[in-house]
Amino acid sequence: MLTIKDLHVAVAGKEIIKGLDLEIRPGEVHAIMGLNGAGKSTLANTIAGRDDYEVTNGTIEFEGKDLLELEPHERVGEGLFLGFQYPVEIPGVSNLNFLRTALNSVRRYRGLEDMSAAEFMKLVKVKAAALQMDPEMLKRFVNVGFSGGEKKRNEMVQMAVLNPKLAVLDETDSGLDIDALKTVAEGINAQRRDDTAILLITHYQRLLSYVQPDVVHVMIDGRIVKSGGKELALELEEKGYADVA
Amino acid sequence: MAGTAEAQKQISEITGDYKYGFVTDIESERAPKGLSEEVVRFISAKKNEPEWMLEWRLKAYAAWQKMEEPDWARVSYPKIDYNDIYYYSAPKRKKLQSLDEVDPELLATYAKLGIPLEEQKVLAGVEGAPRVAVDAVFDSVSVATTFREELKKAGVIFMSISEAIREYPDLVKKYLATVVPVRDNYFAALNCAVFSDGTFVYVPKGVRCPMELSTYFRINAENTGQFERTLIVADEGSYVSYLEGCTAPMRDENQLHAAVVELVALDDAEIKYSTVQNWYPGDKNGKGGIYNFVTKRALCKGKNSKVSWTQVETGSAVTWKYPSCVLQGEGSVGEFYSVAVTNNYQQADTGTKMIHMGANTRSTIISKGISAGKSQNTYRGLVKVLSGADNVRNYTQCDSLLVSSECGAHTVPYIEVRNPSAQIEHEATTSKISEDQLFYCRSRGLGEEEAVAMIVNGFCKEVMQHLPMEFAVEAQKLLGISLEGSVG
């Protein structure tokens, strides 16, 4: 589904990712673990197409398409989703309006008609309830005044509504208490299907107790230095990055 | 690439430029070019005006000749040659007996302008059409006035000002130029001399106007300055909501627009005045576009009266406009909610004046300025509290959003307080549109321009919610259209 070959990425002239290979197949959950500054968020932002992340070498293919040729919103249209480490506040724009605009933009990209208001409301209510989001939150401005946990939960609602083929979740577990972590994990597991894939980017093993990864990668200084099964995460937690790598 | 069709559509939308730039081919009758006593007489005669009105115009013309064009606003434009302008232009049609006689081309123009279907139905006289009264000013003469009969039943007078001068001379004489004196400013004086048409509204005592009153202005004839005159009087305990929206066709020459709007609210009366202004802003290189030099002022004459101005300004090459409230009546309330968008080479110097004369008067100012391209956007506002006005309260909030790095946002607040009991609050912010917000929206599937439109609409929320529903939807779309091509 996602094939990354010899990826090099520079930000403001400084090389952050220094030759990274990754292959994710449908039905798989991958976790990339690493310390601050290893290049994990840079990888997530590069996959999503953020400006200022300059790909100096290598390729990213998504379902056979050259992802680097596409605008960020086109990548979403193709079925990509980025869960933010720090979800952004948009004052004056209600969560509902935001979700509906996003969903309809994606539908239009795929040549579908806009979803009717009634159908959309039904969909959102189901998804919000599954993630235990208070329906009142849907009327509030996007992430404005939300707690850390509420913001992450909101990311999961967005993911559920957009229903991506590949979700890249950047530190979605950071700053969550144990209840919020469980809810978020349930959201991720609900998105886990034979035809979807998930890339978890995380510091800690904690989330991986609730979302069992198929493959764990260790990232250090812009490269994946080791890959293995879910037991690798536990090993990292025990021994630390230096010893594992 | 899958996005090609969409990208092409976007490109054509951007290069297609101003969507309302077209000219309707209706023969029009013009006054000779230039400004002179003869032209003033010509206009007055064309309007079948009584002698007193002609005298009034001539005095205004004489006053204007001695005045200087103001230069204090933060705008620059080539010197206007006032003798190179046509001051009167009217479609060559006799007065219509019914709406069926409205020129089909005119109706087609309304359709192109995107006038809501309901209002087109109103124009077309379709049965069961909603109760929005449209007084369509096509160039300088009102060619269609609807719902007048129903309004008449309620005692509301809603007609072109030319008709009102003939039919209700006493009412017009009593209030005309009482809020904006003839010599108030250069452009107001010019308007007094040559105004071609406009709207007159009178809502009698205790009457709540049964529908929103709506006028679409549109400049049509080439090189014709548009000098609208609007006078709205809300008698004791009455209420009226008035909508004004405008678009203009594309032209190379700059066109002068100098309107005067006067509102008078008597005891316990309320006037809500909403504007969506979308005159042609000029092209991407700053060529052409309307000069919009407008004087809008309300007099809250009676106690506990209230006037609320809401404006969404996206058009015009140069805007000079300060809808104001003179709060004379005790306990009267003035409100100003404004969104001003400038793109490319547009210049806007806009804001409000709240003059607190009466005790316990209150005012609220919420201004949202959005600058893009190489534009300049200035908020200029005055809050003035006279010595006799006890317990005045004012709250002002001015927020500026910069979409590009080559534009300018300026805030020029003047506060003059001569009474120690006044409570005046002023807040101002300026921020650049956030990369984080843009990327967040884009990574949820929104195209770049769609993302900008969404963020900007959120930024303007506090103002947009004061617009009547049908206007708010149009205005939201307009914000997006106005900022097309502004990113990157």
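The values are calculated or read from the model by the stated rules, or taken from the named source; none is laboratory data. Since the model is a prediction, treat every value here as computed from it, not as a measurement. Cβ sites come from the backbone with ideal geometry, for glycine too, and all protein chains shown count toward neighbours. SASA here: full protein model, heavy atoms, side chains in, ligands and nucleic acids out. Shrake-Rupley method; radii C 1.70, N 1.55, O 1.52, S 1.80 Å.
Quick look at the values:
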item	result
Computed over the range B:162-208, the ratio Rg/Rh where both radii use C-alpha atoms and Rh is Kirkwood	1.02
Coordinate range along principal axes, alpha carbons of the range A:77-219, Å, largest first	42, 33, 23
Carbon plus sulfur fraction of accessible area for the range A:1-143, probe 1.4 Å, in percent	49 percent
Carbon and sulfur %, accessible surface of the range B:251-347 computed with the full protein complex present, 1.4 Å	42 percent
Net charge of Cβ neighbours under 15 Å - reference A:THR42; Lys, Arg +1; Asp, Glu -1	-2
Size descriptor, Kirkwood hydrodynamic radius, that averages inverse alpha-carbon separations across chain A, Å	18.4 Å
Most to least packed among B:341-351, A:19-29, A:213-223 [average Cβ atoms within 10 Å]	B:341-351, A:213-223, A:19-29
Shielding score for B:364-377, defined as the mean number of other chain Cβ atoms within 10 Å	0
The range B:297-392: Cα Rg divided by the 2.2 N^0.38 Å rule of thumb	1.18
Other-chain or far-sequence residues with amide H under 5 Å of B:HIS426's (modelled H)	B:THR396
D (Stokes-Einstein, µm²/s), Kirkwood Cα radius, the range B:257-345, 0.890 mPa s at 25 °C	178 µm²/s
Antiparallel bridge percentage (DSSP; both residues within the range A:30-171; nearest 5)	50 percent
Accessible solvent surface per residue of the range B:35-87, calculated while the other protein chains remain in place, 1.4 angstrom probe, Å²	59 Å²
The range B:277-370: GluC sites (Glu not before Pro) falling in loop per DSSP and having at most 16 other Cβ within 10 Å	none
Rounded accessible area per residue of the range A:69-116, 1.4 Å, Å²	38 Å²
Sum of side-chain charges, A:LEU176 neighbourhood, beta-carbon under 14 Å (Lys, Arg +1; Asp, Glu -1)	-3
Accessible area buried, both sides summed, chains B and A with 1.4 Å probe, Å²	2400 Å²
Members of A:LYS151/B:LYS461; B:LYS205/B:LYS301; A:LYS5/A:LYS165; A:LYS151/A:LYS239; B:LYS321/B:LYS384; B:LYS59/B:LYS272 lying beyond 24 Å, as alpha-carbon distances in this model show	A:LYS151/A:LYS239; B:LYS59/B:LYS272
Residue mean of other protein chain beta carbons inside 10 Å, B:380-390	0
Average partner coverage of B:445-458, which counts Cβ from other chains inside 10 Å	6
Pairwise FRET efficiency - A:GLU237 versus A:TYR86, Cβ, R0 = 25 Å, nearest 0.05	0.55
The range A:36-138: GluC sites (Glu not before Pro) in DSSP loop, at most 14 other beta carbons within 10 Å	A:GLU63, A:GLU113
Point-to-point label distance, B:MET469-B:LYS432, nm (Cα→Cβ direction, 7 Å offset)	4.1 nm
In nm, spacing of pseudo-spin labels at A:ASP134 and B:TRP52 (7 Å Cα→C-beta vector)	6.4 nm
The range B:344-359 - phi-based ³J(HN,Hα) in whole Hz, Karplus 6.51/-1.76/1.60, Gly and Pro as x	6, 9, 5, 10, 10, 10, 9, x, 8, 10, 10, 9, 8, 9, x, 6
Amide H within-cut-off set for B:VAL180, under 5 Å, with H built and near neighbours excluded	none
Carbon + sulfur, % of accessible area of the range A:175-238 - ligands and nucleic acids excluded, 1.4 Å	47 percent
Net length gained if the chain between B:LYS66 and B:ASN285 were fully extended (0.36 nm per residue, minus Cα distance)	75.3 nm
5 angstrom amide H check on B:ASP268, placed H, neighbours 5+ away	B:GLY237, B:LYS303, B:ASN304, B:SER305
Percent of C-alpha pairs per 5 Å bin, the range B:400-447, short to long	5, 14, 16, 14, 13, 11, 9, 7, 6, 3, 2
